[in-house]
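Some notes on the structure that comes next.
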Amino acid sequence: MPFRYASASWSPSWAPSWVPSWADVEALTRRLAADEAGLRRSFWKKFRGLAARLPFAEDLLAAHYCAFDRRTPIHVKAVLVGALAYFVLPADFIPDVLPVIGYTDDAAVLAAAIKLVSSHITPHHREAAQRMLARMRG
């Protein structure tokens with residue numbers, strides 16, 4: 001039996017008031033996933049400003065290329081699009097503006113997604129990520 005939250009608007013009791021409810025996060029994630037072009041634009045806008053600073057940039061790009069590859073199975077795309085949407089969401093559980101720890105939640109979500117679907121992230125996706133990073137940093 002799948003786990004269900006008691007309320008769609010539930011947020012942890014310890015969370016500050018600025019933390020969005022699960023319903024807010026879910027609604028925004030669904031909108032981003034439904035608008036593939038919008039998700040791509042949001043991804044590239046945020047990624048360009050961070051490429052040189054993110055230690056997990058290559059994994060993030062490889063996940064992006066896998067998520068939008070036509071040959072990737074739909075269940076894999078769903079996992080990766082969810083992780084990419086979390087990366088571009090303006091509200092995180094740990095705000096991205098905090099130095100050092102700001103992207104740890106994004107990295108954790110991405111690492112979990114990649115662990116689930118790692119067999120579908122091909123050497124082609126990784127090579128494309130490396131080439132793009134070299135261009136952006138070079």
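What follows is calculated from the coordinates using simple rules that are stated; it is not laboratory data. This is a predicted model, so every value here is computed, not measured. Every residue, glycine among them, receives a Cβ derived from its backbone with ideal geometry; neighbour counts consider all protein chains shown.
Sorting S42, S119 on the 10 Å Cβ count, fewest up front, what's the list?
Numbers: S42 18, S119 7.
The most exposed by this proxy come first: S119, S42.
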D105: net charge of surrounding residues, Cβ under 10 Å, Lys/Arg +1, Asp/Glu -1, itself excluded? -3
In the stretch 55-91, which residues have a backbone nitrogen under 16 Å from the label point lying 7 Å from A27's Cα in the Cα-to-Cβ direction? 90-91
If I model a spin label at A34 and K46 as a point 7 Å from the Cα along the Cα→Cβ vector, what separation in nanometres do I get? 2.0 nm
FRET efficiency, 1/(1 + (r/R0)^6) with R0 41 Å, evaluated for R131 and A91 via beta carbons: 0.80
What's the exposure ranking of I114, I74, I94, I101, going from fewest to most Cβ atoms within 10 Å? I74, I101, I94, I114
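Please give the net charge around Y65, taking every other residue with its beta carbon less than 10 angstrom from that of Y65, where Lys and Arg add +1 and Asp and Glu add -1.
Counting the neighbours of Y65, the net charge comes to -1.
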Just the Cα atoms of the stretch 26-138, one point each, no solvent: what log10 I(q)/I(0) does Debye give at q = 0.12, 0.21 Å⁻¹? -0.38, -1.24
